[in-house]
Amino acid sequence: MSLEFHPHTPSPQSDEEEKASPSSTSSSASSPAAEDARPFLRPSASAAGGGGRSRRRRTVSEPSLRSLSSHTSRGRSFGRDVGHAAAETFLLTRLAITLLRYLGVGYRWITKFLALIFYATLLTPGFLQVGYYYFFSSQVRRSIIYGDRPRNRLDLYLPTKVDGLKPVVAFVTGGAWIIGYKAWGALLGRRLAERGIVVACIDYRNFPQGTISDMVEDASQGISFVCNNIGSYGGDPNRIYLIGQSAGAHIAALTILDQAIKECGERECTSWSVSQIKAYFGISGGYNMLELVDHFHSRGLYRSIFLSIMEGEQNLWRFSPEILVQDSSVKHAISLLPHVILFHGTSDQSIPSTASKKFVDTLHSLGAKADIVLFEGKTHTDLFIQDPLRGGKDELLEHIAAVIYGARSQNKSLLEIHVSITRWWKTRSRSRRCFWCSMCVSS
């Protein structure tokens, strides 16, 4: 059995953002016709003198030339930014209209949308602080181009101290497969960068600009860019970790599983390998779409739109990592998977914590290395938004940092790391506990 993804023709989009790299800058643009001709996964001027001007009697000084060149460059850059903003606005408007046609006038999604607006309003002070960091911090490299498809961009969050190569996290953000955006990872990027970790937040096409196949393709290309280029930004290519949150956890799990299947010989090899990923962290994710479709429908993500995202009801099993790993034809790919660690709050209503439990149990039954961390009383957004915004101790990030640093420098097992963290946390506050289902330790 082969996990096949069928390309979806993306909407036209202006693609004139500058590509940031350590040594050079270039522009990239793509047309819909050119995109259709490309495969699903791809392997990885001299100045002209003005003769006529030399005949002029009056010469222009070098500082004046530099000033004129600077003004011209800024004018072109401003014009390019305005043109790109206009194209993006037009595209978003058109996609929003298309999305509204799918959603209709259902009361569930409208109430959820209004609740989201109210929730975001309450957190505005915190979001403004994160937004200022995102746009003005010298440690953030925004919109680095990693491919030639629409939204093939990623943001880099760099540690302040440059004292050797740093561990790297490739992050795939959530957003119900509809409103995902790389900037949503700014808070995670900042907190991990403060711990000396390079973070790459990968953007990808959302529905209706793309379906799940396009999202997996984009995530794979973003991971490939990180694996092959992160050394130029101070990251250690031998210490790369993958994190996905919510819908991003589902996309990242599909991406890494698809890559493992390719490396088993069922499809051609690509420009990155599963062996380069030291561990996969899934935060509040769903991994069995057949079981979740009705739950999402009751939460406002209607069956019709969800099935369109997943390319039809007949394909739900193909985009369910929990089901895919049980297929006998991919049993050899299971041994290639990195250590899988899933995080979930027990009070999560958006995606029940049982989704992570069942996936870990399935991986265990197949001999894969997998663990789950359950946070008592935490909701879908507590782990990713509220806890980091509150400041102070962040349980989720401490667990991630413990795995990234502890397993390497102290040669501890994950169980030993968990025991030390749990004991410390209990001495700090006995009113809060962290439960590790598959590795429960009695107090």
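No lab work stands behind these numbers, since they all come straight from the coordinates. Bear in mind that the values here come from a model prediction, so they are computed numbers and not experimental data. No Cβ is skipped: glycine too gets one built from the backbone with ideal geometry, and neighbour counts run over all protein chains shown.
Some notes on this structure:
- Protection proxy ranking, peptides 225-232, 211-218, 244-251, average beta carbon neighbours within 10 Å, highest first: 244-251, 211-218, 225-232
- Given 161/262; 182/358; 182/331; 166/358; 161/357, the pairs whose alpha carbons are separated by over 31 Å: 161/262; 182/331; 166/358; 161/357
- Cα lying deepest toward the dipole's positive end in the stretch 160-242, options 215, 186, 237, charges on Cβ: 186
- Per-selection Kirkwood Rh - the stretch 225-307 (Cα, Å, 1 d.p.): 14.7
- Applied to the stretch 333-341, the Karplus parametrisation 6.51 cos²θ - 1.76 cosθ + 1.60 on θ = phi - 60° returns per-residue 3J(HN,Hα) values of 6, 4, 5, 8, 5, x, 4, 9, 10 Hz, with x for Gly and Pro.
- Here the dipole of the stretch 120-224 is about 260 debye; that uses its Cα centre as origin and unit charges on the Cβ of Lys and Arg (positive) and Asp and Glu (negative).
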